[in-house]
Amino acid sequence: MKRFFDTNILVYAFLDTDRRDLALDLLAEGGVISVQVLNEFTNVARKKWRRDWAEIAAALQVIRLHFNPIVPVTLDTHQSALQLASRDGLSFYDALIVAAAIDAGCDLLFSEDLQHDRKFGKLVVKNPFRLEPESLA
(Lines give C-alpha, C1' and ligand atoms only; values in the text may rest on other atoms or scores of the structure.)
Protein backbone atom coordinates (compact mmCIF):
# COMPACT_ATOMS: atom_id res chain seq x y z
CA MET A 1 0.00 0.00 0.00
CA LYS A 2 1.49 3.33 -1.07
CA ARG A 3 1.05 6.09 1.53
CA PHE A 4 0.94 9.87 1.22
CA PHE A 5 1.51 12.12 4.23
CA ASP A 6 -0.25 15.43 4.76
CA THR A 7 1.70 18.22 6.42
CA ASN A 8 0.25 17.69 9.89
CA ILE A 9 1.93 14.28 10.20
CA LEU A 10 5.35 15.85 9.61
CA VAL A 11 4.55 18.72 11.97
CA TYR A 12 3.72 16.25 14.74
CA ALA A 13 6.86 14.20 14.03
CA PHE A 14 9.18 17.18 14.29
CA LEU A 15 7.45 19.79 16.43
CA ASP A 16 4.79 18.27 18.70
CA THR A 17 5.74 16.11 21.66
CA ASP A 18 2.24 14.74 22.30
CA ARG A 19 1.84 13.04 18.93
CA ARG A 20 5.47 12.59 17.94
CA ASP A 21 5.79 8.84 18.60
CA LEU A 22 2.89 7.80 16.39
CA ALA A 23 3.86 10.27 13.66
CA LEU A 24 7.46 8.99 13.65
CA ASP A 25 6.27 5.38 13.54
CA LEU A 26 4.14 6.16 10.49
CA LEU A 27 6.95 8.02 8.73
CA ALA A 28 9.40 5.19 9.44
CA GLU A 29 7.27 2.90 7.27
CA GLY A 30 7.84 5.19 4.29
CA GLY A 31 5.62 7.04 1.92
CA VAL A 32 5.27 10.06 -0.32
CA ILE A 33 5.03 13.81 0.20
CA SER A 34 4.83 16.75 -2.18
CA VAL A 35 6.64 20.07 -2.37
CA GLN A 36 3.43 21.62 -1.02
CA VAL A 37 3.94 19.62 2.19
CA LEU A 38 7.46 21.05 2.53
CA ASN A 39 6.11 24.57 2.00
CA GLU A 40 3.30 24.14 4.51
CA PHE A 41 5.65 22.55 7.06
CA THR A 42 7.97 25.55 6.76
CA ASN A 43 5.10 27.99 7.21
CA VAL A 44 3.64 26.17 10.25
CA ALA A 45 7.04 25.70 11.88
CA ARG A 46 7.82 29.39 11.56
CA LYS A 47 4.46 31.02 12.24
CA LYS A 48 2.62 28.67 14.60
CA TRP A 49 5.51 26.93 16.39
CA ARG A 50 7.87 29.96 16.20
CA ARG A 51 10.91 27.87 15.28
CA ASP A 52 14.06 29.61 14.09
CA TRP A 53 15.25 29.22 10.52
CA ALA A 54 18.19 26.98 11.45
CA GLU A 55 15.89 24.49 13.19
CA ILE A 56 13.47 24.56 10.26
CA ALA A 57 16.31 24.02 7.78
CA ALA A 58 17.59 21.05 9.80
CA ALA A 59 14.13 19.46 9.93
CA LEU A 60 13.64 20.01 6.20
CA GLN A 61 16.98 18.37 5.47
CA VAL A 62 15.94 15.25 7.40
CA ILE A 63 12.56 15.23 5.66
CA ARG A 64 14.15 15.57 2.20
CA LEU A 65 16.52 12.69 2.95
CA HIS A 66 13.67 10.46 4.12
CA PHE A 67 11.34 11.24 1.22
CA ASN A 68 13.16 10.93 -2.06
CA PRO A 69 11.90 11.81 -4.56
CA ILE A 70 9.39 14.41 -3.42
CA VAL A 71 6.40 14.86 -5.72
CA PRO A 72 6.29 18.25 -7.48
CA VAL A 73 3.14 20.31 -7.76
CA THR A 74 2.65 20.53 -11.51
CA LEU A 75 0.13 22.30 -13.69
CA ASP A 76 -1.70 18.96 -14.04
CA THR A 77 -1.80 18.64 -10.24
CA HIS A 78 -3.17 22.17 -10.04
CA GLN A 79 -5.89 21.43 -12.59
CA SER A 80 -6.85 18.19 -10.83
CA ALA A 81 -7.06 20.09 -7.55
CA LEU A 82 -9.39 22.65 -9.10
CA GLN A 83 -11.71 19.83 -10.18
CA LEU A 84 -11.57 18.14 -6.77
CA ALA A 85 -12.26 21.40 -4.95
CA SER A 86 -15.22 22.18 -7.19
CA ARG A 87 -16.69 18.67 -7.33
CA ASP A 88 -16.00 17.48 -3.79
CA GLY A 89 -16.22 20.70 -1.79
CA LEU A 90 -12.60 20.65 -0.62
CA SER A 91 -10.56 23.70 0.21
CA PHE A 92 -8.10 24.33 -2.60
CA TYR A 93 -5.03 23.42 -0.54
CA ASP A 94 -6.64 20.20 0.72
CA ALA A 95 -7.54 19.43 -2.90
CA LEU A 96 -3.89 19.92 -3.88
CA ILE A 97 -2.85 17.34 -1.28
CA VAL A 98 -5.45 14.87 -2.56
CA ALA A 99 -4.49 15.52 -6.20
CA ALA A 100 -0.78 15.02 -5.44
CA ALA A 101 -1.54 11.75 -3.62
CA ILE A 102 -3.63 10.51 -6.54
CA ASP A 103 -1.00 11.60 -9.10
CA ALA A 104 1.65 9.71 -7.09
CA GLY A 105 -0.45 6.53 -7.25
CA CYS A 106 -1.07 6.38 -3.51
CA ASP A 107 -3.80 4.25 -1.92
CA LEU A 108 -3.72 5.87 1.52
CA LEU A 109 -3.59 9.50 2.61
CA PHE A 110 -2.74 10.15 6.26
CA SER A 111 -4.31 13.45 7.23
CA GLU A 112 -6.00 15.01 10.19
CA ASP A 113 -7.58 17.70 8.01
CA LEU A 114 -9.84 15.57 5.84
CA GLN A 115 -12.77 13.34 6.71
CA HIS A 116 -11.65 9.97 8.06
CA ASP A 117 -12.40 7.10 5.62
CA ARG A 118 -13.35 9.50 2.82
CA LYS A 119 -12.54 8.06 -0.60
CA PHE A 120 -11.35 9.70 -3.77
CA GLY A 121 -11.32 6.84 -6.27
CA LYS A 122 -8.90 4.27 -4.83
CA LEU A 123 -7.37 6.81 -2.42
CA VAL A 124 -8.64 6.50 1.16
CA VAL A 125 -8.11 9.16 3.84
CA LYS A 126 -7.17 7.98 7.34
CA ASN A 127 -6.71 10.12 10.43
CA PRO A 128 -4.06 8.10 12.29
CA PHE A 129 -4.71 9.93 15.55
CA ARG A 130 -8.21 8.50 15.85
CA LEU A 131 -7.30 4.92 14.99
CA GLU A 132 -5.99 1.95 16.85
CA PRO A 133 -2.36 1.39 15.72
CA GLU A 134 -3.05 -2.07 14.25
CA SER A 135 -5.63 -0.59 11.86
CA LEU A 136 -3.18 1.81 10.17
CA ALA A 137 -1.93 -0.67 7.58
Looking at segment 89-113 only, could you name the residues that are touching a helix residue (DSSP H, G or I) at 6+ places or on another chain (Cβ under 6 Å) and modelled with pLDDT of 95 or more?
90, 92, 95, 96, 98, 99, 100, 103, 109, 110
I want to confirm something. Restricting to segment 99-131 and keeping residues that are more than 18 Å from residue 89 (Cα to Cα) and small (Gly, Ala, Ser), which single residue is surrounded by the fewest Cβ atoms within 10 Å (Cβ to Cβ)?
105
Could you tell me whether any residue of segment 74-84 is modelled with pLDDT under 95, part of a helix (DSSP H, G or I) and either surrounded by 10 or more Cβ atoms within 10 Å (Cβ to Cβ) or not hydrophobic (A, V, I, L, M, F, W, C) (or both)?
no
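Okay, residues lined up against (1) under 19 Å from residue 124 (Cα atoms); (2) among the β-branched types (Val, Ile, Thr):
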site: 24; (1), (2): no, no
site: 31; (1), (2): yes, no
site: 38; (1), (2): no, no
site: 42; (1), (2): no, yes
site: 48; (1), (2): no, no
site: 60; (1), (2): no, no
site: 90; (1), (2): yes, no
In this structure, is residue 38 assigned to a helix (DSSP H, G or I) and in contact with a Pro (Cβ under 7 Å, 6 or more places away or on another chain)?
no
What number of residues in segment 63-73 are assigned to a helix (DSSP H, G or I) and within 14 Å of the chain's Cα centre (by Cα)?
3
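Just to check your reading of the model, which residue among 10, 27, 60 is at pLDDT 95 or above, in a helix (DSSP H, G or I) and farther than 16 Å from residue 97 by Cα? Steps first, answer last, please.
On the way: 10 fails: farther than 16 Å from residue 97 by Cα; 27 fails: at pLDDT 95 or above.
The unique qualifying residue is 60.
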Taking the stated definitions as given, is residue 50 among the basic types (Lys, Arg), in a loop (DSSP other than H, G, I, E, B) and either free of Cβ contacts under 8 Å to residues at least 60 places away in the same chain or in contact with a Gly (Cβ under 7 Å, 6 or more places away or on another chain) (or both)?
yes
For segment 30-57, which positions are of a type in the set (Gly, Ala, Ser), crowded, with 18+ Cβ neighbours inside 10 Å and over 18 Å from residue 103 (Cα atoms)?
45
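The values are calculated or read from the model by the stated rules, or taken from the named source; none is laboratory data. These numbers come from a predicted model, not from an experiment. Cβ sites come from the backbone with ideal geometry, for glycine too, and all protein chains shown count toward neighbours.
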